[in-house]
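Remarks on the structure that follows.
The values are calculated or read from the model by the stated rules, or taken from the named source; none is laboratory data. Worth saying up front: this structure is predicted, and the values here are computed from it rather than measured. Note: ideal-geometry Cβ built from the backbone for every residue, glycine included; neighbour counts use all protein chains shown. The protein model used for the area step is the full one, side chains on, heavy atoms only, and it has no ligands, DNA or RNA in it. Shrake-Rupley method; radii C 1.70, N 1.55, O 1.52, S 1.80 Å.
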Amino acid sequence: MNEQQNQDLKPMPEQIRYANILFAGAWLGILVMMITYLMYVSGLISAHVDMTLVTQNWNKGVDEYLKITNSPHGWAWLSLISKGDYLNFIGLVLIAVLTIFCYLFLIAGYGKRKDWAFLVITISEVVVLSVAASGILGTGGH
Amino acid sequence: MSTKTITKWSCFVSLMLVVTLIHPLTASAAQEVGAEGAADPWWFWPLILFFFCFILGIIAVLAGVGGGVLYVPLVGGFFPFHIDFVRGAGLMVALAGALAAGPGLLRRNLASLRLALPVALIASSCAIVGAMLGLYLSKIDPNIVQVCLGATIVGIAILLLLSKNTEKPVVKTQDAIGLALGMHGAFLDQSTKERVDWKTHRTLPGLVLFIFIGVLAGMFGLGAGWANVPVLNLVMGAPLKISVATSKFLLSITDTSAAWIYMNKGCVIPLMAVPSIIGLMFGSFIGVKLLSMVKPKIIRYIVISVLLFAGLKAMDKGLGIGLLG
């Protein structure tokens, strides 16, 4: 195989950067999730909704559940971050936001090599994911 | 330990899962909670869920399916949680699995960004529509979602049974869209040490199919690997290894958009979502270690049977027939 053919087999630098961030972020998110969950279930930090009340109502639809347990939706959980149950959202949000963050590196890479089609695709994807994350799509963003 | 012993052990674990699910005690315990509120201490269901997802993680890897496609119908059918929370947790489970697998696939150049990014934009946009539609239908009547989910799961089981993926599809001429988007590449096949060059064809029908895949993934909270792979491989002509790896990477994007909709709506309850994610992740590690030692064909047939049963159970539950307990 000549040099050019060998180059084809290698991922582009942005792809490697994407992989590295994904690796660090995914494991950090899972680690945070495990720690915060242990803090929650051990009772180290008090919960906003009593765990028995959660188990008594998780068979109900989401709207009814939120009403009974006086739970927030959208980004309002941030105001309850000091509570054991909502502390868990740090890890969950971390893994959910990771792809948006990784895409920013792809935008830089495609911009640098003037790959306009993929630049538009990656920017559009960041917009789509950001809109979904914002909570404005009829999910009651706060 | 010999391969034969491990294969037998894996079949035993799979059968245990089936037996646990159809055991009258599991069903009646779930029904009791549904009817009278929590009869058990708060830690009972999260603990059961953790071990259940651990076994599910092992089986999912051995059977070559994603965690979400098993999680949603089985947990939805046999645990006392409302389908809204099962779908929210299912997406987080599928997302965590895809994020953990993504880096290795990208570094080895098996997950192709040229192939994944255009497809991901379509699938993730449609997953948002699917998630909103699913939550709307659930608000009207959750049984509609149960019946549609059941029918989809039965369809997936049939698809898994019948689809014959092609290792290296022959693509003679690349179509204009595939060419314009640069949907081609090369990888080193580690098993043969051969360079494999690939390109896509039938790109437009493939992209259209991802509209439906995105909607289904969002609506039912399923990871959509079961649909991604056949479309990438059989329709668009990508080699099987590229299709499987790109599909797994694709899930990390598609499921992110739908997961946000469910999370913002309040459908992710940490008490049940976190043990599901952690259990399935640990199970997947064990599954990967066992993968090289077992013959996964029997496990695959058991999983197809479990999916068929879970699909029929979801339809039975949604239609209120009560034939399957």
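Here are the numbers for this structure:
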{"item": "Residues (under 19 Å from residue B:166 (Cβ atoms) and touching a residue at least 60 places away in the same chain (Cβ under 8 Å)) located in the range B:187-209", "result": "B:187, B:200, B:206"}
{"item": "Matching residues in the range B:132-156 - criterion: being closer than 30 Å to residue B:300 by Cβ and hydrophobic (A, V, I, L, M, F, W, C)", "result": "B:145, B:147, B:148, B:149, B:151, B:153, B:154, B:156"}
{"item": "Qualifying helices (runs of 4 or more DSSP H) (wholly inside the range B:95-180; at least 3 residues being more than 21 Å from residue B:206 (Cα to Cα))", "result": "B:113-140, B:142-162"}
{"item": "Residue check, residue B:221 within 16 Å of the chain's Cα centre (by Cα) and surrounded by 24 or more Cβ atoms within 10 Å (Cβ to Cβ)", "result": "yes"}
{"item": "Pick from the range B:53-94, criterion small (Gly, Ala, Ser) and in a loop (DSSP other than H, G, I, E, B), ranking: farthest from residue B:218 (Cα to Cα)", "result": "B:64"}
{"item": "Inter-residue pairs, beta-carbon under 6 Å, first acidic (Asp, Glu) and in the range A:76-92, second part of a helix (DSSP H, G or I), 6+ apart", "result": "A:85/A:40; A:85/B:270"}
{"item": "Any chance residue B:188 is more than 14 Å from chain A (Cβ to nearest Cβ), more than 15 Å from the chain's Cα centre (by Cα), outside any loop (DSSP other than H, G, I, E, B) and under 21 Å from residue B:103 (Cα atoms)", "result": "no"}
{"item": "Residue match in the range B:185-199 (condition: modelled with pLDDT of 90 or more and open to solvent by less than 10 Å² (accessible area, probe 1.4 Å))", "result": "no"}
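Residue-wise test of (1) under 22 Å from residue B:270 (Cβ atoms); (2) in contact with a strand residue (DSSP E or B) (Cβ under 9 Å, 6 or more places away or on another chain); (3) surrounded by fewer than 24 Cβ atoms within 10 Å (Cβ to Cβ); (4) modelled with pLDDT under 85.
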position: B:11; (1), (2), (3), (4): no, no, yes, yes
position: B:25; (1), (2), (3), (4): no, no, yes, yes
position: B:34; (1), (2), (3), (4): yes, no, yes, yes
position: B:48; (1), (2), (3), (4): yes, no, yes, no
position: B:84; (1), (2), (3), (4): yes, no, no, no
position: B:89; (1), (2), (3), (4): yes, no, no, no
position: B:92; (1), (2), (3), (4): yes, no, no, no
position: B:114; (1), (2), (3), (4): no, yes, yes, no
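Listed here are the residues, each with its yes/no results for (1) more than 14 Å from every other protein chain (Cβ to nearest Cβ); (2) closer than 20 Å to residue B:222 by Cβ.
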residue	(1), (2)
B:102	no, yes
B:109	no, no
B:112	no, no
B:123	no, yes
B:152	yes, yes
B:157	yes, yes
B:160	yes, yes
B:166	yes, no
